[in-house]
Amino acid sequence: MTLSPFIKRTITVAIGFPVVMLVVWFGDALGGLPLIVICAITSLVGLRELYLAFSKKDRAIHIIGYLATAAYFGMIFAVVNIEDVSWYWLLIALTVFIVTIQTCLVVFFKKLPISECITTIYGFLYVPFMLSFIVLVRMHDLGFYYVWLIFTATFGCDSFAYFVGSLFGKNKLKESPSPSKSVEGLIGGVIAATLIGAIYGLAVSHFSDYPENVQYMVLISAVISFVGALFSIVGDLAASAVKRHCEIKDFGSVFPGHGGVMDRIDSTIVVAPMVYLVMNVMVGIMGVLQ
C-alpha cells in the first residue's frame, strides 16, 4: 500500500514534533547532553546533505567538516559544564578548523580544488555552527522561556505565510529563488508570528515563575518573534537558492513527505542565532531600564 505525500508528512510531523519538544523541554538535563547530541546528529546529517548537494559525491576533505562538527558540539558541552573552559575556546576551535582546511589546500595543492575547501567551510558555518545556537539559547539563564520562540517564529511564519498567500497572494516574488511565494503571504506570516510571540509572552508572564514583569516579557517575545520571522524567510529563500544552484528538488529523503534534514531546518538554523542575539540584547536593555 502506497501512502500519499500528505499522509507521509502528517505521520512524520506526528512522530517528530513531540520528540523535538521533549528534547528541548528537558534540554538542560545531564548538562544539556541530550539536546547537544540531537543537534550534533542533526548537524552531521544536514551537513552531509549540503556537501552532496554541492559536490555530488563524498570528498575526503568533507571528513574534516564532520570531525569539526563533533568537536564543536563536544566543546559546547565542556563550556556549559566545566567552569575552567571559557567561551573563547569555541573561537579557537573555529580557528583550528579553518587553518586545517588551509593546510590541506597547501599540502594537496594539485589534487584538492579550492571550491571543495570553500564548500567544507561554508557547510560547517551554515549548518552545525548556526544550529548550535538552539543549544546556546536553551542554556541561557532565561533560555527555557525563549527557546520556544525559535520554533514559533519559524513555523508560525511559514504556516501563516502559506495560508495568507493562498487566499490573498497576488504579488509574487518573481525574481526570488521561490517565485511562487507572495509579498502578501510573507507579510501575513511575519505579522502572525509576531502576534503569536506576544501572546506566548503574555501567557508565560501569567502562568509561570518568569522573573520579569508582564510588559517586558510580552515586548521581548514580540520583538524576538518579529526578527525571527523575518529571518525564517531569509533561511527558506536561501535554502531554495542553494537547491536551484545545485539543480536539486530536495536535499535528501530522510523524512518521508518532507525531504531531507536541510529541507526541514533551513529556516530554523537561521532563526536560532538571531533569537540568541535579540534575546541577549533585549534582556540586557530591559535589565538596564529596571
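Assorted remarks:
- The single condition among (1) in contact with a Phe, Trp or Tyr (Cβ under 8 Å, 6 or more places away or on another chain); (2) open to solvent by less than 10 Å² (accessible area, probe 1.4 Å); (3) under 24 Å from VAL45 (Cβ atoms) that ILE121 does not meet is (2).
- Qualifying positions in the stretch 168-192 - in contact with an Asp or Glu (Cβ under 7 Å, 6 or more places away or on another chain), in a helix (DSSP H, G or I) and open to solvent by 40 Å² or more (accessible area, probe 1.4 Å): PHE168
- Note on the stretch 41-77: residues that are open to solvent by 20 Å² or more (accessible area, probe 1.4 Å) and small (Gly, Ala, Ser) total 4.
- Within the stretch 197-221, the set of residues being at pLDDT 90 or above and crowded, with 22+ Cβ neighbours inside 10 Å comprises GLY197, TYR200, GLY201, ILE220, SER221.
- Here GLY165 qualifies as over 22 Å from PHE17 (Cβ atoms), assigned to a helix (DSSP H, G or I), open to solvent by less than 20 Å² (accessible area, probe 1.4 Å) and touching a strand residue (DSSP E or B) at 6+ places or on another chain (Cβ under 7 Å).
- Matching residues in the stretch 81-106 - criterion: being modelled with pLDDT under 90, crowded, with 18+ Cβ neighbours inside 10 Å and among the β-branched types (Val, Ile, Thr): none
- Within the stretch 44-90, tally of residues that are over 16 Å from GLY32 (Cβ atoms) and in a loop (DSSP other than H, G, I, E, B): 8
The values are calculated or read from the model by the stated rules, or taken from the named source; none is laboratory data. As the structure is a computational prediction, the values presented were derived from the model and not from experiment. Cβ: placed from backbone, ideal geometry, glycine included. Neighbour counts: every protein chain shown. All accessible areas refer to the heavy atoms of the entire protein, side chains included, with ligands and DNA or RNA removed. Shrake-Rupley method; radii C 1.70, N 1.55, O 1.52, S 1.80 Å.
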